Amino acid sequence: MASVYREEDLGFSVDRESLIRLLREVLPGDDLLLDNESMRPYECDGLSAYRELPLVVALPTTVEQVQDVLRICSALNVPVVARGAGTSLSAGALPHPQGVLLSLARFNRILELDQDRRIARVQPGVRNLAISEAAAPHGLYYAPDPSSQITCTIGGNVAENAGGVHCLKYGLTVHNVLSVTMVTMDGDRVVLGSEALDSPGYDLLAAVTGSEGMLGIVVEVTVKLLPNPPAREVLLVAFPEVESAGNAVAGIIAAGIIPGGLEMMDNPAIRAAEDFVHAGYPVEAAAILICELDGNADEVRDQVARVRALLRDLGANDIRVAETDEQRTRFWAGRKAAFPAVGRISPDYYCMDGTIPRKRLAEVLQRMQTLSAEYGQRVVNVFHAGDGNLHPLVLYDGNVPGEFERTEELGGRILELCVEVGGTVTGEHGVGMEKINQMCLQFETAALDQFRALKAAFDPNGLLNPGKAIPTLNRCAEFGAMHVHHGQLPHADIPRF
């Protein structure tokens with residue numbers, strides 16, 4: 001099987017025997033995996049269509065071991081790819097065939113939880129949901145809540161700048177992390193940020209958050225915790241047309257109301273989730289919104305009345321307010337389980353991640369339907385409607401020759417549509433290998449040069465997660481030439497090199 005990586009990303013000459021001998025000195029016993037069968041579980045992340053086996057898998061248990069591994073790899077010019085729980089959906093944790101896969105799964109302890117300062121200091125392998133579970137007895141929680149929060153880890157959340165259904169009001173990972181401790185490719189330990197609201201110097205914490213493991217290996221994270229709101233109401237709203245639901249999203253925000261969460265699902269997603277979870281969704285609806293309003297009791301009561309009136313005026317034909325905690329949980333359970341639910345109705349699906357201006361939502365949904373018809377493939381829509389973060393799921397069968405390649409092309413067209421209307425190629429899944437070509441479309445040469453310069457400042461030899469996130473000049477030139485040849489994009493939108 002040919003490598004997923006481009007030839008220009010495979011220019012490493014590694015003496016595997018020397019590498020193993022040196023790693024054995026710092027990683028005893030089963031802390032180092034060497035045979036193919038043992039390494040097979042690490043060959044991909046959540047985007048399983050891309051697969052590679054690394055040279056070795058390292059499973060350190062201490063920060064000192066992480067430092068030693070990086071120093072060895074730096075000395076031998078060996079690539080390193082960090083991995084958390086492997087739930088990434090952009091091939092961001094895809095191993096390098098000439099490198100070390102560095103798993104941080106054993107860094108799974110909550111080191112400190114301070115209810116007075118409302119912070120938690122955790123290792124990168126701690127599950128997202130585990131932080132909120134530990135904070136719950138103190139009336140606190142950690143706001144970013146990806147749908148994979150039961151399994152995804154905080155280190156991976158930092159790498160991808162993960163969001164979740166409540167990111168509209170409470171922000172992404174970058175807005176909820178106070179500091180990280182990171183090991184550089186040279187093996188040095190550095191602390192970025194602080195427990196204060198601000199710290200002097202360049203905001204390197206923001207640069208590292210969302211950097212996809214390309215600047216350093218995060219070994220500790222301090223996050224801020226929020227108090228549970230006094231009141232919370234969840235509305236389930238049905239629409240006879242997808243466009244009406246899209247317009248309603250923009251209408252709610254335009255009215256000055258910022259929900260705790262505002263999610264949208266189209267009819268195929270509604271039916272799949274209802275069959276799987278039995279959340280009580282109206283299966284005949286063209287689209288539903290799940291709108292959560294939180295705050296003090298009087299504020300929430302007023303907002304519920306305003307939102308209900310607004311939604312009726314914007315075409316909603318069924319508005320339900322959860323009457324119990326159990327019903328509120330069920331309303332959200334269907335949305336949280338939408339991805340596995342769709343997995344029950346198709347052999348495979350390709351989960352996209354792009355972001356658009358809210359006011360263009362209805363237009364983009366219509367144009368995605370046109371693309372779906374053009375390619376003859378079903379697209380199921382589940383997304384964070386409030387902040388315009390789309391998650392179209394393209395259904396396909398990987399056993400049919402050529403179908404995945406066609407699916408990739410359709411996915412690329414959807415991302416290019418997001419850029420065309422003023423959006424971006426990612427909202428929370430990162431770029432990885434999946435969206436690297438579309439980075440050439442979104443950013444001009446000067447911006448990409450700055451990205452590469454920042455990468456070189458942290459990792460001058462390009463050993464951390466090579467071939468991901470930031471495209472090379474050659475790749476962008478080829479991508480631009482291909483699109484000009486196929487006539488898919490206006491000439492003015494093609495980056496010039």
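Details
- Identity of the residue in the stretch 222-235, outside any strand (DSSP E or B) and either in contact with a strand residue (DSSP E or B) (Cβ under 7 Å, 6 or more places away or on another chain) or basic (Lys, Arg) (or both), that ends up surrounded by the fewest Cβ atoms within 10 Å (Cβ to Cβ): ASN228
- Counted residues, the stretch 301-310 - those being closer than 11 Å to ILE257 by Cβ and touching a residue at least 24 places away in the same chain (Cβ under 8 Å): 5
- Scanning the stretch 282-308 for residues that are under 26 Å from the mean Cα position of the chain (by Cα) and either among the hydrophobic types (A, V, I, L, M, F, W, C) or surrounded by fewer than 24 Cβ atoms within 10 Å (Cβ to Cβ) (or both) yields a count of 7.
- Selected residue (only one of LEU59, LEU76, LEU94, LEU55 is at negative phi, assigned by TED's automatic domain parsing to the domain that holds LEU23 and either out of contact with any helix residue (DSSP H, G or I) (no Cβ under 8 Å at 6 or more places or on another chain) or surrounded by fewer than 16 Cβ atoms within 10 Å (Cβ to Cβ) (or both)): LEU94
- Criterion applied to VAL431, VAL382, VAL425 was being modelled with pLDDT of 95 or more, more than 30 Å from SER74 (Cβ to Cβ) and of a type outside the set (D, E, K, R), and the one residue passing it is VAL425.
- The stretch 13-45, residues that are out of contact with any strand residue (DSSP E or B) (no Cβ under 8 Å at 6 or more places or on another chain) and closer than 30 Å to VAL191 by Cβ: LEU22, GLU25, VAL26, PRO28
- The listed residue being assigned to a helix (DSSP H, G or I), basic (Lys, Arg) and under 21 Å from ASN381 (Cβ atoms), out of ARG312, ARG271, ARG308, ARG301: ARG271
- Hits in the stretch 49-85 (condition: of a type in the set (Asp, Glu) and farther than 15 Å from LEU32 by Cβ): GLU52, GLU64
- Across the stretch 127-169, the qualifying residues are those that are aliphatic (A, V, I, L, M) and under 14 Å from the mean Cα position of the chain (by Cα), and the one among them that is surrounded by the most Cβ atoms within 10 Å (Cβ to Cβ) is ILE154.
- Scanning the stretch 201-221 for residues that are part of a helix (DSSP H, G or I) and free of Cβ contacts under 8 Å to residues at least 40 places away in the same chain yields a total of 3.
- Every residue from the stretch 30-49 that is part of a loop (DSSP other than H, G, I, E, B) and more than 16 Å from GLY213 (Cβ to Cβ): LEU34, ASP35, GLU43, SER48, ALA49
The values are calculated or read from the model by the stated rules, or taken from the named source; none is laboratory data. For clarity, every value in this text was computed on a predicted model and none was experimentally measured. Counting neighbours? That spans all protein chains shown, and the Cβs are built from the backbone with ideal geometry, glycine included.
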